[in-house]
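These notes are about the structure you will find just below.
The values are calculated or read from the model by the stated rules, or taken from the named source; none is laboratory data. Computed from a predicted model, the values in this text were never measured in an experiment. Cβ: placed from backbone, ideal geometry, glycine included. Neighbour counts: every protein chain shown. Side chains included, ligands, DNA and RNA excluded: accessible areas come from the protein's heavy atoms. Shrake-Rupley method; radii C 1.70, N 1.55, O 1.52, S 1.80 Å.
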Amino acid sequence: MLVTSDPELFRRMSAVRSSFTRGPWYKALKLHPERDNITSYVDENKHAAIRTRMAPGYSGKENYHMEQDIDEQLLKYLELISSRYVAKPDQGVFRTVDLSRITSFFTLDVISKVAFGQTFGFLDQDDDPFGYLANLAQMLPAIIVFGVYTELTNLLKIPAIKAALPKSTDKRGLGRVMGFARDRVQERFGDKAIVRHDMLGAFVNRGLTQDELESETLTQITAGSDSTASALRITLHFICTSAPVLTRLLAEAEAAIEAGQVSRPLIKDAEARQLPYLQACLKEGLRIYPPVTGLMAKMVPAGGVKLEVDGVEKFAPGGTQVGWNSWGMMHDPKIWGEDAEIFRPERWLPKSDSKAELDRIARMNDTVTLCFGYGRFGCLGRGVATMELNKAVIEVPRIVPLHELILTCSRQTLLRFNLQPCSLAKPFDEMVVGFYIHTNMYFVATERKKNDTAAFARLRETGVEAGALAGAYDIDGSAAS
């Protein structure tokens, strides 16, 4: 197998009329024990057919409630943090919030609500009621190994191993999620079928069978939640650990609110797309930590092809798999500049209107969008993921109680809370298995008091001793060495 970080080759392999096809690597993405899904089909015709039928469900044209459903879950997410995780040190209340955990809860409940009209209940319970996340962390490493060593997938045909795989009758883990998806699909068929204008309804309208939907919805849940949760928490991490970035982002949002360009209680997707610095932060978050790390290997057509490697043409024989190195692509100094390892949203803002500068930004835009795939293999859920990021990243630094969130739209709302990482030396644990499995991403959420400046002024007026470090300037033998 070959690996590339060249955006041009990635686009060439994924283009609509490309002679490259999906390699055997994709077979490992078959999550349902009996049926393939849109990510595991290697047959081009089958993949194209299912993609054509599923695309309208993701477009939002037949999903009338998409933004409303996302808003509903975002309000629950903010309320969860406000009610259970806000620290009040002056009152002796010390709390931390694990962003890796609750961002997953948020995206899982979003995708279940958007897709099925019913949430899993992660946010309501502040817990993983299915044991899904722990089970997924166990399964993803195996999936990645099977993708590289595709011969191992034959082991899954052994009756004893097949019987141990997740199934919809399981009480916990991925199997329990399969059961939830099966139940929601079954509700859309039969004499008393539920009719709803959501993703599942659009898929039914396009002729997907009950068996197809049970497999596709499982993939929807897994692929549609983990990558978005990763992008959300990593972007929040970098924003909240860079004071200049956070200050500038909040200033942009505050100015937009005062100008009436941002709706309350929650920003609309269309409004978020008009905030240049917010969009710069989102794109920089996707770039600095591309959420999908799987190889997504394409296969060289029969007869072979010539590939350009550092300006030199090399021949790749037919049947060769070519995977992508997402990290290498998104950290290439030739595309992003010498500070490619640094989180710097300003790189996305044009310094002039010169052709060279506009070309530089266009090249970056064309490259960062590859995080969502390209061409006939592009991510159908890109619109949903982008809407979640547009809303959640700007709203999370404004954590407030739900009743205040609904009633308040003033300056103090925007600046109400600080998010402080508990450790910069080790801000989180992670496992890279096609996606990022993050754990222990602890932050302290505290109220940002409006009268801090006035309080400091009063303190100076009282003439209170500043309390400088005792003995710091002593130079006699007792204090110096």
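Here is a yes/no grid of residues against (1) of a type in the set (Lys, Arg); (2) at pLDDT below 90; (3) crowded, with 17+ Cβ neighbours inside 10 Å:
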position	(1), (2), (3)
Val396	no, yes, yes
Ser410	no, yes, no
Arg416	yes, yes, yes
Gln420	no, yes, no
Thr439	no, no, no
Thr453	no, yes, no
Glu461	no, yes, no
Ile475	no, yes, no
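Selection within the range 51-94: residues that are touching a helix residue (DSSP H, G or I) at 6+ places or on another chain (Cβ under 7 Å) and among the aromatic types (Phe, Trp, Tyr). The member of this set that is farthest from Thr217 (Cα to Cα) is Tyr77. Among the conditions (1) open to solvent by less than 60 Å² (accessible area, probe 1.4 Å); (2) within 26 Å of Gly383 (Cβ to Cβ); (3) among the β-branched types (Val, Ile, Thr), the only one that Ile194 does not satisfy is (1). Six or more apart or on different chains, Cβ atoms under 6 Å: show the pairs whose first residue is in the range 345-368 and farther than 27 Å from Ser14 by Cα and without any contact (Cβ under 8 Å) to a residue 24 or more places away in the chain and whose second is open to solvent by 50 Å² or more (accessible area, probe 1.4 Å) and not hydrophobic (A, V, I, L, M, F, W, C). If the second residue must be open to solvent by 50 Å² or more (accessible area, probe 1.4 Å) and not hydrophobic (A, V, I, L, M, F, W, C), the pairs left are Glu357/Pro350; Glu357/Lys351.
Every condition in (1) within 18 Å of Leu99 (Cα to Cα); (2) assigned to a helix (DSSP H, G or I) holds for Pro291 except the one numbered (2). Examine the range 303-322 for a residue that is under 26 Å from the mean Cα position of the chain (by Cα), open to solvent by 30 Å² or more (accessible area, probe 1.4 Å) and at pLDDT 95 or above, and state whether such a residue exists. Within the range 303-322 (the criterion being under 26 Å from the mean Cα position of the chain (by Cα), open to solvent by 30 Å² or more (accessible area, probe 1.4 Å) and at pLDDT 95 or above), the answer is no, since none of the residues qualifies. Scanning the range 273-326 for residues that are at positive phi and among the hydrophobic types (A, V, I, L, M, F, W, C) yields a total of 1. Among the numbered conditions (1) under 30 Å from Ile81 (Cβ atoms); (2) part of a helix (DSSP H, G or I); (3) of a type in the set (Ser, Thr, Tyr), the only one that Thr119 does not meet is (2).
Return the residue satisfying two criteria in turn: it lies in the range 428-443 and is in a strand (DSSP E or B) and in contact (Cβ under 8 Å) with a residue 40 or more places away in the chain, and of such residues it is nearest to Pro290 (Cα to Cα).
Of the range 428-443, the ones in a strand (DSSP E or B) are 429-432, 436-439, 442-443.
Pick out the ones that are also in contact (Cβ under 8 Å) with a residue 40 or more places away in the chain and you get 431-432, 436-439, 442-443.
Details: Met431: 14, Val432: 11, Tyr436: 9, Ile437: 13, His438: 14, Thr439: 17, Tyr442: 21, Phe443: 22 Å.
Out of the qualifying residues, it is Tyr436.
It is to be established whether one or more residues within the range 198-211 are of a type in the set (D, E, K, R), under 30 Å from Leu370 (Cα atoms) and touching a Pro at 6+ places or on another chain (Cβ under 7 Å). For the range 198-211, residues of a type in the set (D, E, K, R), under 30 Å from Leu370 (Cα atoms) and touching a Pro at 6+ places or on another chain (Cβ under 7 Å): present.
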